[in-house]
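Undergrad: Sharing a structure, written as structure tokens. Questions coming.
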Amino acid sequence: MARVFSLVAAVCLFALPLSAEGIDDAVTSFELDNGLQVVVIEDHRAPVVQHMVWYRAGSADEPIGASGVAHFLEHLLFKATDTLASGEFSATVAANGGQDNAFTSYDYTAYFQRVAADRLALMMQMESDRMVNLRLTEHNITTERDVILEERNMRIENNPRALFNEQMNAVQYYNHRYGVPVIGWKHEMETLSLSDALGFYRTYYSPNNAIVVVSGDVDPDDVRKLAQETYGQIPANPDLPERMRTQEPPQTAERRLTYKDPRVAQPYVSRSYLAPERNSGDQQQAAALVLLARILGDGTTSYLTERLQFEQQVAIYSAAFYGGMSLDDTTFDLLVVPSEGVSLQTAEEALDTALADFLRSGVDPEHLDRIKMQLRASQIYALDNVDGIANRYGRALASGLTVADVQAWPDILQAVTPDQIMAAAREVLRPERSVTGWLMKADEVTQ
């Protein structure tokens, strides 16, 4: 079966559309005099464009005591400016046949529009306007604060898994702001003020703290001209602070937590390990961790699935995750959902045994080859999406990587060896860097 799978995957890879190859070669990057970085990714197959503005400021950059202000400000940016009424930004995008939205993470806040290519100038004009001309009122603060509190109620307070994950993150990080939820702690969100929002806006929303990514049916020279006419007229912020964050001390104690909630439908075991992120010019260890996560817990042929679900039948689901795209240390995560009648204790013990066996036995080279082929195919197909490719560059640049790092990443993944994967596994999968959590029903016993 393994040989048949490899043959099919190889045929699929060679059958990939040739038009998707080489899109990364059509990337142009330049910087305006005011410090704005602009990245242009050409794809002339359809007359559409994705325009994105990424600010190097997310929830991990918030002042202590004002958690949630980055996400709060994201909402407020759709209010009035000097030239647009409240709500007019999105209404104008829609009237021009486009879509727009925004999102906040730990390391960045991003705003985007997907429109016909001939509407790019209008999008850049409006986006540059709200970079500097936002006009907020106390009424905006009151009404939008209610909106984000309701969002927290819907996404977090009404979801025991989200509450559990929030507690896991808080325990994982002793000192870093990654332990604070992006949406904010509820008691701090309730006190967010006009001065909090404007303080964050005036500190971080400036051209020398932003990246504009334009992908689609565009010409780099035209984009440069438009960028200069719009964003280029905004002065740099001379007081932009250096991006300094509190860092993690050495983690030397294994931690555990139990979270009980009567709304839990399916108990499970979750474990996270503090892990290194992708670093500019040094992405090999992160690449090894990406492949480790795929080997351990991605799909029906993964190591944990075969051991826990098929051989021992102690789990109905198992998975491993690694998100290396962050400015500072991230996590490597494992999850096991026990089978009916199997206790969380038994499921955790089975996980520990499987990990120990993997660290002794090492990587199956054929399995690794299949995973690399799948990754290569998915990366090529991803180039067909102007939204996806713009996000890939924007997230990377806002997280401290470079255009060269993004373009080198596929080849770095392909070059990872079994020895590098095992070295990364032994470095990361250490109990003293871990948090193990049990999500349980309220009436369950812990043994």
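The values are calculated or read from the model by the stated rules, or taken from the named source; none is laboratory data. None of the values given here were measured: they were computed from a predicted structure. Neighbour counts run over all protein chains shown; Cβ positions are idealised from the backbone, glycine included. All accessible areas refer to the heavy atoms of the entire protein, side chains included, with ligands and DNA or RNA removed. Shrake-Rupley method; radii C 1.70, N 1.55, O 1.52, S 1.80 Å.
Undergrad: Would you mind finding the one in V218, V213, V223, V264 that is farther than 30 Å from E31 by Cα and not hydroxyl-bearing (S, T, Y)?
TA: V264 is the lone residue from the list that is farther than 30 Å from E31 by Cα and not hydroxyl-bearing (S, T, Y).
Undergrad: Taking the options E348, E340, name whichever one is acidic (D, E) and open to solvent by less than 20 Å² (accessible area, probe 1.4 Å).
TA: Among E348, E340, only E348 is acidic (D, E) and open to solvent by less than 20 Å² (accessible area, probe 1.4 Å).
Undergrad: Considering each residue of segment 173-205, count those that are aliphatic (A, V, I, L, M) and within 17 Å of the chain's Cα centre (by Cα), and give that number.
TA: Going through segment 173-205 one residue at a time, the tally reaches 3.
Undergrad: If the Cβ limit is 7 Å and pairs must be 6+ apart or interchain, which residue in segment 78-104 that is open to solvent by 30 Å² or more (accessible area, probe 1.4 Å) pairs with which residue that is aromatic (F, W, Y)?
TA: Going by the 7 Å Cβ cut-off, the qualifying pairs are F78/F89; G87/F78; S90/F78; D100/F112; N101/F112.
Undergrad: Just to be sure I understand, how many residues within segment 206-254 are within 25 Å of the chain's Cα centre (by Cα), in contact (Cβ under 8 Å) with a residue 40 or more places away in the chain and open to solvent by less than 90 Å² (accessible area, probe 1.4 Å)?
TA: 17
Here's the yes/no breakdown for (1) assigned to a helix (DSSP H, G or I); (2) surrounded by fewer than 20 Cβ atoms within 10 Å (Cβ to Cβ); (3) out of contact with any strand residue (DSSP E or B) (no Cβ under 6 Å at 6 or more places or on another chain):
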{"site": "R307", "(1), (2), (3)": "yes, no, yes"}
{"site": "S318", "(1), (2), (3)": "no, no, no"}
{"site": "D333", "(1), (2), (3)": "no, no, no"}
{"site": "R360", "(1), (2), (3)": "yes, yes, yes"}
{"site": "I389", "(1), (2), (3)": "yes, no, no"}
{"site": "L401", "(1), (2), (3)": "no, no, yes"}
{"site": "W409", "(1), (2), (3)": "yes, no, yes"}
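Every residue, every condition in (1) touching a helix residue (DSSP H, G or I) at 6+ places or on another chain (Cβ under 6 Å); (2) part of a strand (DSSP E or B); (3) aliphatic (A, V, I, L, M), yes or no:
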| residue | (1), (2), (3) |
| --- | --- |
| V182 | yes, no, yes |
| H187 | no, no, no |
| F200 | yes, no, no |
| R224 | no, no, no |
| G232 | no, no, no |
| P249 | no, no, no |
| R263 | yes, no, no |
| E277 | no, no, no |
| Q285 | yes, no, no |
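Undergrad: Could you give me the residue pairs with C-beta distances under 6 Å whose first residue belongs to segment 400-428 and is touching a residue at least 12 places away in the same chain (Cβ under 8 Å), whose second residue is charged (D, E, K, R) wherever it lies, and which are 6+ apart or on separate chains?
TA: Pairs that qualify, where the first residue is touching a residue at least 12 places away in the same chain (Cβ under 8 Å) and the partner is charged (D, E, K, R), are Q407/D24; Q414/K372.
Undergrad: Just to be sure I understand the filter: pairs with C-beta atoms under 8 Å, separated by 6 or more residues or on different chains, first member in segment 147-165 and surrounded by 14 or more Cβ atoms within 10 Å (Cβ to Cβ), second member acidic (D, E). Which pairs pass?
TA: As it stands, the answer is L149/E190; I156/E166; P160/D261; L163/E157; L163/D261; F164/D261, since those pairs meet every condition given.
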